[in-house]
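Quick notes on the structure that follows.
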Amino acid sequence: MTPSGVPRVALATCRHALPGATGPGANPDVDAPLLLDALERSGIEGSLEVWNDVDVAWESFDAVVVRSTWDYTSQRERFLEWASERRRLFNHVSALEYSSDKHYLSDLASRGVPVVTTRMVEVGEDPQFFDGRVVVKPAVGAGSADAAQYGDTDEERRRAREHVTRLHQRGAAAVVQPYVDSVDEVGERALVFIDGEFSHALTKGAMLTVPEERRDAAYRRARMSGALADDEALETARRVLEVVPDTLYARVDLVRVRTEWRVMELELVEPNLFLSYSPDAAARFARALERRLS
């Protein structure tokens, strides 16, 4: 806390998410300016700090909020070690560990939560594909990076196997799922929660219909639009959050499979919260953090 008694909070980010970031891979965190402004209006001194910058004096902050640490996927163990060393961290390190590896989908399914049918292909295992189009992606990944869809021809299956092999060669488990056709028609439904309470919802258009090199930040943002959340979607998302309670923020991504909503991803580490789509979302976030600090 500052000498004046104003609490200091670090918003953990990565270098290519900083405002003004340019060059390949740059993807500035568009939530950050809104959140910093809301914190200031709530009497909290906030600043963006790169999580793996050795010069940051983390002990000088009253709390650290993980926000846009998008490069953690290539160094997850180092990231979790860093997180475990923070004395007051949101979200808590157990939530980060759980949701940063898509093995959680198997855990959710075992608890009766409806999830997209998933096969985890551990390093060294041969992949077994579903009929029709399939998706291959790393178990630890974010933002559709290194994710692709494949058809059911022999050539497409060969390419899908090569994708799994590439992931295994770098020591990463692979996720294989059937491609959910409704994503092409109605997209994914993203539900954002702040301090356990539903905040707002968005529709995310299909991302895997274009090559990865075209899925830059501008493309992804253009695929977003505001949406409503029906009672079934809210109930499904809340069942997920019961597994990892007491989160400052969460985003649950759902897809429509026949007549029900199923979980595609649980985002507790570094999700875009799309604060600009709800006029009061940033203020709600700041108030929730203020309550936790006091």
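Looking at Glu81, Glu162, Glu125, Glu156 in this structure, which one is within 25 Å of Val269 (Cβ to Cβ) and modelled with pLDDT of 95 or more? Spell out how you get there, then give the answer.
Values: Glu162 fails: within 25 Å of Val269 (Cβ to Cβ); Glu125 fails: within 25 Å of Val269 (Cβ to Cβ); Glu156 fails: within 25 Å of Val269 (Cβ to Cβ).
On inspection, the qualifying residue turns out to be Glu81.
Scanning the range 111-132 for residues that are part of a loop (DSSP other than H, G, I, E, B) and farther than 26 Å from Glu232 by Cβ yields Glu122, Val123, Gly124, Glu125, Asp126, Pro127, Gln128, Phe129, Asp131.
Close contacts from the range 10-31, counting a first residue that is under 23 Å from Pro279 (Cβ atoms) and a second that is at pLDDT below 90 and of a type in the set (A, V, I, L, M, F, W, C), with Cβ to Cβ under 7 Å and a gap of 6+ residues or different chains, come to Pro28/Ala17; Pro28/Leu18; Pro28/Ala21; Asp29/Ala17. In summary, Lys102 fulfils each of the numbered conditions (1) open to solvent by less than 60 Å² (accessible area, probe 1.4 Å); (2) within 30 Å of Glu290 (Cα to Cα); (3) in contact with a strand residue (DSSP E or B) (Cβ under 6 Å, 6 or more places away or on another chain) with the single exception of condition (2). Entry remark, the range 248-268: residues being in a loop (DSSP other than H, G, I, E, B), under 17 Å from Arg189 (Cβ atoms) and at pLDDT 95 or above number 0 in total.
The condition of being in contact (Cβ under 8 Å) with a residue 60 or more places away in the chain, open to solvent by less than 10 Å² (accessible area, probe 1.4 Å), more than 21 Å from Asp146 (Cα to Cα) and assigned to a helix (DSSP H, G or I) holds for Leu108. Within the range 246-272, residues that are in contact (Cβ under 8 Å) with a residue 12 or more places away in the chain sit with their Cβ atoms under 9 Å from residues that are of a type in the set (Val, Ile, Thr) and open to solvent by 40 Å² or more (accessible area, probe 1.4 Å), at 6+ positions apart or across chains, in these pairs: Val255/Val186; Arg256/Val186; Val257/Thr117; Arg262/Thr117; Asn272/Val30.
Which strands (runs of 3 or more DSSP E) does the range 133-205 wholly contain that include 3 or more residues that are under 16 Å from the mean Cα position of the chain (by Cα)?
Details: elements: 134-138, 148-150, 174-178, 188-194, 197-204.
Fully inside the range 133-205 and qualifying: 188-194, 197-204.
For the range 228-240, a tally of residues being of a type in the set (A, V, I, L, M, F, W, C), assigned to a helix (DSSP H, G or I) and either at pLDDT below 95 or crowded, with 20+ Cβ neighbours inside 10 Å (or both) returns 3.
Here are Pro279, Pro271, Pro245: which of them is assigned to a loop (DSSP other than H, G, I, E, B) and farther than 27 Å from Val140 by Cα? I'd like the intermediate steps shown before the answer.
Details: Pro271 fails: farther than 27 Å from Val140 by Cα; Pro245 fails: farther than 27 Å from Val140 by Cα.
Going through Pro279, Pro271, Pro245 in turn, just one is assigned to a loop (DSSP other than H, G, I, E, B) and farther than 27 Å from Val140 by Cα: Pro279.
Okay, residues lined up against (1) of a type in the set (A, V, I, L, M, F, W, C); (2) closer than 20 Å to Ala283 by Cβ:
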| site | (1), (2) |
| --- | --- |
| Asp31 | no, yes |
| Leu36 | yes, yes |
| Gly46 | no, yes |
| Val50 | yes, no |
| Val54 | yes, no |
| Phe61 | yes, no |
| Thr69 | no, no |
| Gln75 | no, no |
| Trp82 | yes, no |
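Among the residues of the range 175-197, those identified as buried (at least 17 other Cβ atoms within 10 Å of the Cβ) and over 30 Å from Thr165 (Cα atoms) are Arg189, Ala190, Leu191, Val192, Phe193, Ile194, Asp195. Taken over the range 52-95, the residue count meeting the criterion of being open to solvent by 20 Å² or more (accessible area, probe 1.4 Å), assigned to a loop (DSSP other than H, G, I, E, B), touching a residue at least 24 places away in the same chain (Cβ under 8 Å) and of a type in the set (S, T, N, Q) is 1. Just wondering, is there one or more residues in the range 48-71 that are basic (Lys, Arg) and over 21 Å from Met264 (Cα atoms)? Taking every residue of the range 48-71 in turn, none turns out to be basic (Lys, Arg) and over 21 Å from Met264 (Cα atoms).
The values are calculated or read from the model by the stated rules, or taken from the named source; none is laboratory data. Being a predicted model, the structure only gives us computed values, none of them experimental. Please note: Cβ atoms are built from the backbone with ideal geometry, for glycine as well, and neighbour counts cover all protein chains shown. Only protein heavy atoms, including side chains, enter the accessible area calculation; ligands, DNA and RNA are left aside. Shrake-Rupley method; radii C 1.70, N 1.55, O 1.52, S 1.80 Å.
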